[in-house]
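Remarks on the structure that follows.
The values are calculated or read from the model by the stated rules, or taken from the named source; none is laboratory data. Note that the coordinates shown come from a computational prediction; the quantities given were computed from them, not determined experimentally. For neighbour counting, all protein chains shown are included, and Cβ atoms are generated from backbone atoms with ideal geometry for every residue, glycine included.
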Amino acid sequence: MNNPISTEMNQTLLPQLPIMGAIFDLDGVLTDTSELHFRAWKKLADEEKVLFTRKDNEALRGISRRESLLLILKDKVVSETYLQEMMARKNRYYIDSISTLTPKDLLPGSQELLENLRKEGIKIALGSASKNARSVIGSLGIEHFFDAVADGESVLNQKPAPDLFLYASKMIGIPSSNCVVFEDAAAGIEAALVAGMWAVGIGPQMRLPSAHMVFNNLEGITLKILSTLLTRVSDLKTHLSTENIH
Ligand code: BG6
Ligand code: MG
């Protein structure tokens, strides 16, 4: 476990082009394991007689296992030993559910975008809060695309802190301002913005209002398209800030 990286970042700084590094969240971006996390938590919550709905689950996207459990339990007080037992139990349910994952479970466009970025010489890192991330990318057959893996074991402060993404950019040797992050969670978009990176949301716009841009999924995205769109965002933001000065 690495020490937390300084979070003293200027949130208003605009990231730079060209894109030189790409950091992918895993659950909900490359594969639909966020649904499996939900089902495992739901089973645990039912056993514990705690009310937990799909709507409640939205707040758990991208959040660490421990923080997720604390949110589910709300103000219910339990011992540290029991917390640990519940986390282990949920993880057993989750591991059971990912035992059948295969490359067929990659979300549309994932494989193609990873191939395109590699071909273009972009450094690629995984930036997932999950301690199961390495095993999941292994089952999906995409390990070989990644120059570095930052996961739930890599840093102390998880998303929305920027530490995991800063750690990933350091591992691939690319300045954070030249990295783009693909994220389905509001917590992950916040982490990317604080890290000074391009933040690309994957999922409904309503869930990811702060992202620089949002796509439904990775289908059809290429480095060329991304660079064109982010150049427009960059020009627009520069124009707006200049206008404000006059
Ligand atoms: C994130 C998921 O990627 O990983 C969260 O979005 C999950 O839902 C978190 O809680 C931690 O995962 P794990 O596998 O370490 O329990
Ligand atoms: Mg996610």
| So Gly196 clears everything in (1) outside any loop (DSSP other than H, G, I, E, B); (2) crowded, with 16+ Cβ neighbours inside 10 Å except one condition, right? Which one? | (1)
| request: Please enumerate the residues belonging to the stretch 197-211 that are closer than 16 Å to Ala125 by Cα and not aromatic (Phe, Trp, Tyr). | output: Met197, Ala199, Val200
| field | Sole residue being surrounded by 15 or more Cβ atoms within 10 Å (Cβ to Cβ), under 23 Å from Gly203 (Cα atoms) and within 14 Å of ligand 1 (Cβ to nearest atom), chosen from Ser110, Ser130, Ser154 | value | Ser130
| field | All positions within the stretch 161-193 that are surrounded by fewer than 19 Cβ atoms within 10 Å (Cβ to Cβ) and either within 13 Å of ligand 1 (Cβ to nearest atom) or of a type in the set (Ser, Thr, Tyr) (or both) | value | Ser177
| request: Go through (1) free of Cβ contacts under 8 Å to residues at least 40 places away in the same chain; (2) among the small types (Gly, Ala, Ser); (3) within 16 Å of ligand 2 (Cβ to nearest atom) one by one and return the number of the condition Gly109 breaks. | output: (1)
| query | Looking at Thr228, is it modelled with pLDDT under 95 and part of a helix (DSSP H, G or I)? | reply | no
| request: Any chance you could count how many residues in the stretch 63-106 are β-branched (Val, Ile, Thr), outside any helix (DSSP H, G or I) and more than 24 Å from Val29 (Cα to Cα)? | output: 2
| message | Being more than 20 Å from Gln111 (Cβ to Cβ), in the same structural domain as Asp27 (by TED's automatic domain parsing) and of a type in the set (Val, Ile, Thr) is the requirement here; does Val214 meet it? | response | yes
| remark: Scanning the stretch 140-155 residue by residue, those closer than 13 Å to Asp27 by Cβ and over 16 Å from the mean Cα position of the chain (by Cα) turn out to be Leu140
| task | With the condition kept exactly as written, say whether any residue in the stretch 224-241 is closer than 24 Å to Ser130 by Cβ, assigned by TED's automatic domain parsing to the domain that holds Ile122, in contact (Cβ under 8 Å) with a residue 60 or more places away in the chain and not acidic (Asp, Glu). | result | no
